[in-house]
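The structure under discussion appears below in the form of structure tokens.
All of the numbers you see were taken from the coordinates with simple rules; none came from a lab. Please read these numbers as outputs of a predicted model, since none were measured by experiment. Heads up, the Cβs are rebuilt from the backbone with ideal geometry, glycines too, and the neighbour counts pull from every protein chain shown.
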Amino acid sequence: MTPLLDAEGAAELLAVPKTWILAEARAGRIPHRRLGRYVRFDTEELLEWVDGNRHFGPRPRKEVAR
């Protein structure tokens with residue numbers, strides 16, 4: 001396991017706001033660990049998650065019921 005990052009370090013790694021990192025972790029959408037009241041992120045797990053969430057081209061639109 002690589003050293004763990006705090007939310008600020010994870011945000012810097014992914015070039016996103018710290019608030020986004022914390023919201024996604026709270027919702028269970030990005031890999032993280034809870035250590036008591038602290039949330040920590042493994043660099044390798046975050047990078048693997050990013051690779052697994054790659055999209056090529058436009059995303060299909062959801063149909064809206066009318």
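Relative contact order, percent, of segment 4-52 when contacts are C-alpha pairs under 8 Å separated by at least 6 residues? Normalised by residue count, the contact order of segment 4-52 is 39 percent. Taking other C-beta atoms within 10 angstrom as a stand-in for reagent exposure, ASP42, ASP6 fall in the order ASP6, ASP42, fewest first. Taking a Cβ cut-off of under 15 Å around THR19, the surrounding Lys, Arg, Asp and Glu residues balance to a net charge of -1, with basic ones at +1 and acidic ones at -1. In the neighborhood of LEU35, defined by Cβ-to-Cβ distances under 14 Å, what is the net charge if each Lys or Arg adds +1 and each Asp or Glu adds -1? Result for the neighbourhood of LEU35: +2.
Each residue in THR43, THR19 was given a count of other beta-carbon atoms within 10 angstrom of its own, and listing them fewest first yields THR19, THR43.
Per residue, the chain reaches -11500 deg cm²/dmol at 222 nm when only DSSP H runs of four or more residues are counted, each adding -39500 (n - 2.57).
Is the shape of segment 4-52 best called rounded, prolate or oblate, per the rule: a/c under 1.5 gives rounded, else a/b larger than b/c gives prolate, else oblate, with a ≥ b ≥ c the square roots of the Cα gyration tensor eigenvalues? Rounded is the answer for segment 4-52, as its axis ratio a/c remains below 1.5. Taking trypsin sites (Lys or Arg not before Pro) across segment 1-52, the ones in a DSSP loop with at most 12 further Cβ atoms lying within 10 angstrom of their Cβ are ARG29, ARG37.
Can you list which of the chymotrypsin sites (Phe, Trp or Tyr not before Pro) found in the chain are DSSP loop residues with at most 16 other C-beta atoms within 10 Å?
Those that pass, being in a loop and sparsely packed, are PHE56.
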